[in-house]
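Throughout, read-outs are computed from the coordinates displayed, never taken from laboratory work. Just so you know, these numbers come straight off a predicted model, no measurement behind them. Please note: Cβ atoms are built from the backbone with ideal geometry, for glycine as well, and neighbour counts cover all protein chains shown.
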Amino acid sequence: MEQLAQIAFGVYTLIILCGSVLAVSAKSLVRAMVGLIATLLGVAGMYMLLNSTFLALMQILIYVGAVSVLIFFAIMLTRADAGGEEAASAPLRQNVLALLAVTVVGGVLSWLILTRPVVSSGVPVEVSIEKLGLGLLGPYGLAFELISVVLLVSMAGAVLLAWERRIGK
Amino acid sequence: MSPLTLYQLVALIMLLAGLFGISQRKTLVGMLISVELMLNGAGLSIVAAAQLTPANAMLGQLGTLFVMGLAAAEATLVLAIIVVIARRFGTTKSSAVSTLKG
């Protein structure tokens with residue numbers, strides 16, 4: 001079983017790696033979205049390995065189901081066709097600066113991760129869905145209510161922003 | 001290497017890919033995709049840290065759930081902003097959107 005988990009971890013890591021490279025380097029935005037969806041599914045697999053099944057299902061439901069459909073709508077509504085605005089490669093200076101930022105941040109963070117290991121167990125703890133629900137209604141109730149207010153405000157704001165005024169203008 | 005370190009390295013890969021994308025992409029939709037990538041890496045890091053150490057595991061899972069909700073709200077708003085920009089400027093290139101109006 002231990003070996004099976006290691007194989008699964010390797011497979012998910014490969015999916016995440018290939019997906020995120022595709023997501024940031026594809027010329028066509030639709031292909032980049034396919035890469036993003038592959039990455040999100042890989043992360044859902046990681047959540048499964050971490051013994052948080054509920055989060056894995058929510059990841060698939062919210063990200064793969066809702067957020068990626070939203071971004072597809074954004075691609076369609078802006079008519080960014082397949083060989084569209086990302087087709088021309090970025091200027092060399094921009095690429096070099098992006099690589100510099102990635103190297104600096106990656107160097108510092110990986111140095112921190114590798115030199116300051118935290119004592120951790122290989123067996124993730126189990127949190128039942130019942131406990132999660134009680135937590136949402138009990139100690140973290142305020143955050144739960146606030147996130148629903150944020151979602152409501154963002155929905156109303158999106159409608160208000162995208163509303164086409166027919167009269168007046 | 002401890003299991004937590006491996007998970008955090010995977011999360012770091014996602015963060016770096018998103019960072020590269022957001023500084024190199026030319027359209028707003030491409031930048032939005034990179035932001036989602038970075039947010040997901042953060043979620044993976046939080047859950048791994050909460051599940052594999054004696055920390056409060058419930059808090060970690062609920063925190064990641066809230067991050068997902070915020071990402072959905074953010075994607076909604078950015079979609080509306082992109083639609084407005086596409087209507088007004090005729091393009092979603094970030095370099096074209098450079099005029100302010102008081």
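Quick notes on this one:
- Between 0 and 90°, nearest 10: helix B:3-24 axis offset from chain B longest Cα axis: 10
- Per-residue ellipticity at 222 nm computed for chain B from its helices equals -28000 deg cm²/dmol, with DSSP H segments shorter than 4 residues left out and the rest contributing -39,500 (n - 2.57).
- Per-pair calculated FRET efficiency, R0 = 22 Å: A:Met48 and A:Cys18 via Cβ, rounded to 0.05: 0.70
- Counting only other chain Cβ atoms within 10 Å of each residue's Cβ, the peptide A:2-14 averages 1.
- Whole-number D in µm²/s for region A:1-159 (Stokes-Einstein; Kirkwood sum over Cα pairs; 4 °C, 1.567 mPa s): 67
- Calculated over region A:126-169, the projected area of the Cα convex hull averaged across directions stands at 4.6 nm².
- Rg over Rh [alpha-carbon atoms, Kirkwood Rh] for region B:3-89: 1.09
- Estimated FRET transfer efficiency when R0 is 41 angstrom, pair A:Ala143-A:Leu92 (beta carbons, to 0.05): 0.35
- The calculated FRET efficiency for the pair A:Ala66 and B:Arg88, based on their C-beta separation and a Förster distance of 22 Å, comes to about 0.25.
- Each residue of the protein assembly as shown gets 150 Å³ once the volume of the Cα convex hull is shared out per residue.
- Backbone phi angles across region A:131-146, fed through the Karplus curve with coefficients 6.51, -1.76 and 1.60 (θ = phi - 60°), yield HN-Hα couplings of 5, 4, x, 5, x, 5, 8, x, x, 10, x, 5, 4, 4, 5, 5 Hz in residue order; Gly and Pro are listed as x.
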